[in-house]
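Have a look at the structure below, then the notes.
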Amino acid sequence: MNYSHLLIVLAALLGFSGAARADLASIFTNAAATAPHAIPRRTSIIVIQYHGLARGDLSCYGQTNYQTPNLDRLAAEGVRFTHYSGGMESSATTAMLLSGNNLASTPDEPNLAQRLRQSGYHTGLIGEWTFDRQPWLRGFDEFGGFLTDAEARDYYAEHFWHYPRILYDATNHEQNRVLQQDLLYYNTGGKQGQYLPDLFVTAMLNFIRINQPDRANHYRPFFLLMNLPAPRSAKTDADDFPVPSDAPFTGEAWPQAAKNRAALITRLDGGIGRLFEQLDKLHLTNNVAIFLSSSSAPEKFANTNLNFMLPPDNFCDTNRPVPPPLPLIVRWPGTIPAGEVNTQVWTAADFAPTALEIGYVKPATNFTGHSFLPAVEKRRPVKNP
């Protein structure tokens, strides 16, 4: 029995007339309709940025040696971009993404994460962060991952960094965040028990589950940057893509590096499938905008063993002044039309103004990037008052 029925029964016991009982039920029904769960909510945002992923790695961009069904589904349910580019290296692309600028910005200018957090978003960063050792000063409420390039290249690292670990300072009454290093015991002593790309996907799913915009979290939206240090080579001077198994490509007559890379990308594709399942389970599918891209193309040396799998223009080349186009897929059901292909030119600097528009946050006047929502959106949701 719900509360409206209970009120009617109570009113009858107290001798209320039929009309009065109907009025009570009407009042309760109208109140329920305006309860918090019925109020339009701001959209949460997930940005998944791989390191070293080429357009040709995805079957929706033309890969024919293997399939990436979950990434293809993401494109089929959203917009696939054909002329998106970042910086000459991964850190430059991430800086463009957060700053909204194609040129370097000063630390004093609030970045995307800081602006969203100031507007009420809960923010998280998972994966690689090589700018400094204080991600919380750059707008992230939570962090888990690596702080150096060398750490990020180890697919079976023995430790990772994370926060928050909150310490209360009685002097200035502020909460200070301290990085904490945790051992990955199954990888200690040269063991290979925990594969970092899989671990980061699990961390992403845990972040979404804990910070989902429900009643317990006061319907607060979240922003998550997943900066995965894969599928780039684990070494700086040779093809090396460690993976627990090269299945299902073990029997292929390919170089071992090619089989490993195909297996690794297939594994990353499976992580997107896990994300779909999580969003469906939590009923968040239509209230989360997903951006999937790459922070840099594969290194030039990889051309030796992968040139039969990827076109030459998919690789980074220091002799070429312009970086190659990168994959970019955006999915926002109900707002961005499904199955579209956008051929306009965009850069990583366009992420920040786009995400701020999604979150109804005023963009900065110093942005050089532009929101691509007007070019792709179907309709906008009702603004939350």
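Structure notes:
- Any hit, the range 54-62, residues being assigned by TED's automatic domain parsing to the domain that holds THR123, within 21 Å of PRO323 (Cα to Cα), touching a strand residue (DSSP E or B) at 6+ places or on another chain (Cβ under 6 Å) and in a strand (DSSP E or B): no
One line per residue, one yes/no per condition, for (1) modelled with pLDDT of 85 or more; (2) closer than 24 Å to PRO213 by Cα; (3) in a strand (DSSP E or B):
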site	(1), (2), (3)
LEU74	yes, yes, no
PHE81	yes, no, yes
MET96	yes, no, no
LEU103	no, no, no
LEU116	yes, yes, no
LEU167	no, no, yes
THR171	no, no, no
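- Output for the range 345-358, where each listed residue is surrounded by fewer than 20 Cβ atoms within 10 Å (Cβ to Cβ) and either modelled with pLDDT of 95 or more or in contact with a Leu (Cβ under 9 Å, 6 or more places away or on another chain) (or both): GLU357
- Checking ARG232 against (1) closer than 30 Å to MET309 by Cα; (2) buried (at least 21 other Cβ atoms within 10 Å of the Cβ); (3) touching a residue at least 60 places away in the same chain (Cβ under 8 Å); (4) touching a helix residue (DSSP H, G or I) at 6+ places or on another chain (Cβ under 7 Å), the condition it does not meet: (4)
- Pairs, first touching a residue at least 40 places away in the same chain (Cβ under 8 Å) in the range 78-104, second surrounded by 17 or more Cβ atoms within 10 Å (Cβ to Cβ) and of a type in the set (Phe, Trp, Tyr), C-beta under 7 Å, six or more apart: GLY78/TRP332; PHE81/TRP346; HIS83/TRP346; TYR84/TRP346; LEU97/PHE351; GLY100/PHE367; ASN101/PHE367
- The listed residue being in a loop (DSSP other than H, G, I, E, B) and surrounded by fewer than 20 Cβ atoms within 10 Å (Cβ to Cβ), out of PHE140, PHE131: PHE131
The values are calculated or read from the model by the stated rules, or taken from the named source; none is laboratory data. Small disclaimer: the values here were computed from a predicted structure and weren't measured. Quick reminder, even Gly has a Cβ in these numbers, built from the backbone with ideal geometry, and neighbours come from all protein chains shown.
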